[in-house]
Each structure stands twice: as structure tokens, then as C-alpha cells.
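Notes for the one structure printed next.
The values are calculated or read from the model by the stated rules, or taken from the named source; none is laboratory data. This one's a predicted model, so the numbers in the text were calculated from it and none came from an experiment. Reconstructed Cβ throughout: ideal geometry from the backbone, glycine too, with neighbour counts over all protein chains shown. Only protein heavy atoms, including side chains, enter the accessible area calculation; ligands, DNA and RNA are left aside. Shrake-Rupley method; radii C 1.70, N 1.55, O 1.52, S 1.80 Å.
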Amino acid sequence: MARIGIDAGRSPYLEVLSALDKAKVQWYHFTAIVIAGLGFFTDAYDLFCISTVSRLLGRLYYYNPDTKHPGTLPPNVSAAVNGVALCGTLVGQLFFGWLGDKMGRKKVYGATLKIMVICSVASGLSIGSTARSVMTTLCFFRFWLGFGIGGDYPLSATIMAEYANQRTRGSFIAAVFAMQGTGIVAGATVSIIVSVIFNRTFPRPSFNQNLITSPPPREDISTPPEADIVWRLVFMLGAIPALVTYYWRMKMPETARYTALVEGNAQQAAMDMTKVLDVEFAVEQAKVDRLRAVDSYSLFSREFARRHGRHLLGTTSTWFLLDIAFYSQNLFQKDIFTEMEWLPQAETMSALEEVFRISRAQALIALCSTVPGYWFTVFTIDRIGRRPIQFMGFAMMTAFMFALSIPYYTLREGHYLPLLVLYAFTFFFANFGPNTTTFIIPAELFPARLRSTCHGISAAAGKAGAIVGAFGFLYAAQSSKEGSQEVGYPPGLGVRTALILLGIINGLGFLCTFLVPETKGLSLEDLSGENNVELVSQDGADPP
């Protein structure tokens, strides 16, 4: 085993952390990306697969033959089913972010996966025979599913940041986050496969054929009873990647930064990283003790406010504003899908055909704009930098939102191709922009003992923005003309006004980016102030 060439006595840096910063890209980096990335793959699958089957839930449980339309989820039920996981995620980000700094990254990382596996399966087994009982149990389990997902945000980012070298750290964390795009595609793909299998096995006519018979049937014959298994299977299959990941997560050693700088165990940190890097390290317990004695301020202290208050304001505000815009981009999705004939009127389809078409449209949008945006960031972030990409992303999203909003009604009337292109570019620059960088920056700025907590706070601010974007703007985008709203919704501001507001919100995100510094190419300890060179004299003795 080689001995690393660092003079532990004379360097102000911990030898084991300096070695991690300067390590060449090797197998353990890719292992960490895959392990953390599979968690994010599962997160995205579980969060976004609901959009592929929510209309099916309406057909199954809320059909009213007197309306002569397929069943749809009432607005309050739709908001609960689609939003409860976001609420759980917000709570989980705060709780597990804090717990990750108290108990360690590895221990808490395994707990979040257990919750995700159990609640994925339980969501599919939601019990009851009435709409109320099924929706209540579904919402209950999806809240706790979101709770587990929430823990993955701060822990995955923190673990990857603490394992990576400083030269390619941004690309590694971005690669973990990019698995979210793959998870979205996987959720849509599973929904496509399951719906096609069931549609061929239990074929049904379109809903309009219900109205041809005389008298009209009291049941929706376009929705086979077996369709109730479809949404359950889609949810339960999300447990498989989480199960696969669990074993490998438990084999990962705790990060050296947590073991040394938080637990204060220099010997264990050296032993763990010796196994990872195949290099022998000195045990620098005296240096660890000095560093921990000086950097002991708490989250709610004046010292934290002085050093990192501006940073935390920057990471929370940018993530909050970004997610308002990102999660509200489905405001005009229906118009695009209808104009492109990807998603015809619900009455012209059977229930399972509708699941297929919604899932296919979601997969196409993800493949054409979402996934490429993520990977553009992976390949460029350590060359361009975090702040330039975030500035560019917010600026381009602002421009495209105004380009969509000003001629919106003209574009909607037959000019669907420009509408589709503008829509795709807003998603592309969200992901080749702040949707990725807001995940990366909080994992780099804060000291080790508060890193997971501060990332969780930043991520929770983002989820608060997601709730505002997904539901507040859903109501705001309703027509202001009485009687022109979707069933069950009150008058709103209209889509055009909502898009103008989103353009302004993206502009505010651009301005808030000035609150965060550039982190490219710097060690985590230099960024957080934990490498205090005054702590160590030239001969390694305690300072006078």
C-alpha cells in the first residue's frame, strides 16, 4: 500500500481530506455516483409517476353518468393526491437534513430508503372500496413516501460532495441529480408498458361509445375494472430500484469529512479512506481537535450569520423561485399535447389508452428537453462554473416565459410548433441552469457539521416553491371569464397573466443568484472556512 506524500505536520490541511480533494477520478467515484444516483432515480420515479395515472384515478373513482363526461378528480382531491408527496418531501428534507448532521450520512441514508420501499408498496396497496377510503390511504402513504424522498436530497448531495475531488466535484453531484431525468422517463415507460399490456388483455371502446347506447349505461364501459391494478402496479414497481440500492448504500463507509470534522475521530476517517483510496494516511487527531474547537458555532449563532447568512439566503431564495417556475410549466402542457395530437380529448379514448398517451407525451418531453439539459450541465459545470450556468438558466427562462406569454393566444391558435419549441427550451434551460445548480451549491458552501442541515433547508424552500407553482398557479391560470374555468375551479388570472408572473419570478431568481459565490475548483473546507491556516504553526505545534 502506498504512503501519500503530504507532510502532515506542516500542512494546515487534514491529510485525508487533502487526498480526497486531489484524488484522480477512479472507481469509487463512479460507485458513489451510481449508489446516490439510483436513489434520485427512485425519487423522481415516485414523485412524477402520479401524473401518468391521476386521470385514471378520476375515471375509476369519480365517474358521474349524469355529466356525460369521463370521471375526473375534484380539484381538492387532485391537489391532495398530486401535492401530498411534495409536502412530505419538504418535511423530510428538513428532518433528515438535520438528522444527517447529528447521526451521520450513512445511517440516515439507509433509513430513507427503507421508508421509500415500504411506502411505495403501501401506496399501491391503498385499501378500501370507496373513493374516499382509497384516496385517503393513498394520500397517507404518499406523504410518508415523500418524507423518505425528502431525506435523499440533502444526503445524496452531501455524500457526493464529500467523496468527490475538487476538480470534478460539480460534475459528480450534477450526475447524481441528472438521474432524476432518467427516473421521470422510467416512470413514464413503466406506465406505457403496463397500460399497453392491460389494454390488449382487457380492450375497451372509447368513452364516446357509452353515449351511443340507449339508454346510456350507468357504468363507464371505457374503463375496465382491471384498470384498478394498473396504477397500483406503477406505484409498487418504484420499490425495486430502492431495494437494489439499499445493500450498496450500507456497504459505503461514512464520509471522512463527517468522521473527522463532525465526530472528531481522525483514526476512523483515515482507516475508512485507506480502504477507498488504497493509500495509507497519518492519524492527525491533534489537528482535528484544534479545528473542531475553533469552528463550533451553531446554525442560529451570530457567527453563522456573519459567515454564511448571505449564502443560506441565496441558496433558499434561488431554489424557491426556481421551483415555482419549474413546477408550474404544466400550465400550458395540455394545450401543446392537444394541438400536437399527442393527447386527444378524454371522451375519444378509453381509460387505458389515455394512460398510454399521457405517459408517452411525458416521456417525449423528458427525452427531448429535460434529460439533455441535465447532461449539458454535467459536462460543462466544472468548466463554466456554477454561477454562470445559473445566471444563464434564469435569464433564458425569463426570456422564454415572456416569449410564450406575450403572443400566447396567437400561438395557441394553430401555431403549435413554435409553442412546443419555446416550451421545450424553458425546460432545457431550467435543467441546464438553476434546477441543477441549486442542488449543487448548498452541498459545497457550508461547514461539515451543518452541511446536510443547510442543504435540507435550501431544498425545503424549493419544495415550498414547488407547492406554490404546482397548485397556486394552477388556480391562477384559470380563465378570468366566468364559466370558462375547468370544472370545480374558481375564476383566475388567465394563462397569459400567469406566464408573465412566472417570467418576473425567473428574473428575481437571476438577481438572487448574486447572493451565492462561485464554488468551482475550491475545496469544501476553503469554501466553508474550516481550513483555518492560523490554527497550525509551521512546525505543527499549537499556536501561541
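Measuring between their Cα centroids, region 229-245 and region 403-466 lie 27 Å from each other. Sorted from greatest to least, the principal axis extents spanned by the alpha carbons of region 99-161 come out as 46, 18, 13 Å. Spin-label model, residue 248 to residue 76: label points 7 Å out along the Cα-to-beta-carbon direction sit 4.5 nm apart.
Could you look at region 257-297 and say what percent of its accessible area is carbon and sulfur, using a 1.4 Å probe and all protein chains?
Numbers: 810 of 1740 Å².
Taking all protein chains in place, region 257-297 shows 46 percent carbon and sulfur surface.
Taking one quarter of the surface of the C-alpha convex hull of region 263-334 gives a mean projected area of 8.9 nm². Ordered by solvent-accessible area of protein heavy atoms (1.4 Å probe), largest first, the residues 367, 322 come out as 367, 322. Average 1/r across all pairs of distinct alpha carbons in region 30-95, invert it, and you get the Kirkwood radius: 14.1 Å. Pairs exceeding 19 Å between alpha-carbon atoms, taken from 107/251; 106/463; 22/107: 106/463; 22/107. Just want the answer: with Cβ charges of +1 for Lys and Arg and -1 for Asp and Glu, which residue in 494, 516, 448 is farthest toward the dipole's positive end in the chain? Going by the charge dipole, the pick is 494. Using the rule -39500 (n - 2.57) for each DSSP H run of four or more residues, divided by the residues of the chain, the 222 nm mean residue ellipticity is -22000 deg cm²/dmol.
Using only Cα atoms, what Kirkwood radius does region 189-308 have, in angstroms? Display every interim value, and only then the final one.
On the way: mean 1/r = 0.0483 Å⁻¹.
For region 189-308, inverting the mean 1/r across all distinct Cα pairs yields 20.7 Å.
If only the Cβ of Lys and Arg carry +1 and only the Cβ of Asp and Glu carry -1, the dipole of the chain around its Cα centre is close to 180 debye. Between the helical axis of 351-365 and the longest alpha-carbon principal axis of the chain there is an angle of about 40 degrees.
Between residue 125 and residue 268, the C-beta separation translates, for a Förster distance of 45 Å, into a calculated FRET efficiency of about 0.60.
Region 347-464 has equivalent-ellipsoid semi-axes of 32, 19, 14 Å, by the square roots of 5 times the alpha carbon gyration tensor eigenvalues, sorted largest first.
According to the Cα-based calculation, Rg over Rh for region 113-217 is 1.18, with Rh computed by the Kirkwood formula.
Checking the a/c ratio against 1.5 first, then a/b against b/c, what shape does the Cα gyration tensor give for region 42-199? Please list the in-between numbers first.
Details: a/c = 2.84, a/b = 1.92, b/c = 1.48.
The shape class here is prolate.
Residues 27, 375, ordered by accessible area of protein heavy atoms at a 1.4 angstrom probe radius and largest first, appear as 27, 375. Given Cβ point charges of +1 (Lys, Arg) and -1 (Asp, Glu) and nothing else, what value in debye, to the nearest 20, does the dipole of region 274-403 about its Cα centre take? Using only the charged Cβ atoms, the result is roughly 840 debye. For residue 301 and residue 417, FRET efficiency with R0 = 60 Å and r from the beta-carbon atoms, rounded to 0.05? So the FRET efficiency works out to roughly 0.60. Just the protein heavy atoms count here, and of the accessible area of region 407-457 at 1.4 Å, carbon and sulfur take up 73 percent. Principal-axis analysis of the Cα atoms of the chain puts helix 371-384 at an angle of about 20° to the longest axis. May I ask for the angle, rounded to the nearest 10°, between helix 302-327 and the longest principal axis of the chain, with both axes built from Cα atoms and the value confined to 0 to 90°? With rounding to tens, the tilt is 20 degrees. The residue among 74, 356, 153 whose Cα reaches farthest toward the positive pole of the charge dipole of the chain, with charges on the beta-carbon of Lys, Arg, Asp and Glu, is 74.
At a 10 angstrom cut-off on C-beta neighbours, averaged per residue, how do the peptides 50-57, 227-234 rank from highest to lowest?
Sorting 50-57, 227-234 by mean packing, highest first, produces 50-57, 227-234.
Ranking 354, 226 from most to least accessible surface, computed with a 1.4 Å probe over the protein chains only, gives 226, 354.
Could the peptides 132-139, 295-302 be put in order, highest first, of the mean number of other beta-carbon atoms found within 10 Å of their residues?
Working: 132-139: 17.4, 295-302: 12.9.
Final packing ranking: 132-139, 295-302.
Note the per residue figure in Å³ for the convex hull of the C-alpha positions in region 138-199. Could you put the intermediate results ahead of the total?
Values: hull volume 5.5 nm³, N = 62.
It comes to 88 Å³ per residue, whole-number rounded.
Report the one residue of 188, 294, 270 whose Cα lies farthest in the direction of the positive end of the charge dipole of region 163-300 (charges on C-beta: Lys and Arg +1, Asp and Glu -1; origin at the Cα centre). Positive-end residue among those listed: 188. Remark: the chain carries 40 Å² of accessible area per residue (probe radius 1.4 Å; ligands, DNA and RNA excluded). Highest mean packing first, where packing is the average number of other Cβ atoms within 10 Å per residue, the peptides 154-161, 13-20 line up as 154-161, 13-20. Computed log10 I(q)/I(0) for the chain at 0.06 Å⁻¹: -0.32, from the Debye equation with unit scatterers placed on every C-alpha and solvent omitted. Modelled spin-label separation between residue 133 and residue 278, with each label point placed 7 Å from Cα along the Cα-to-Cβ direction: 6.0 nm.
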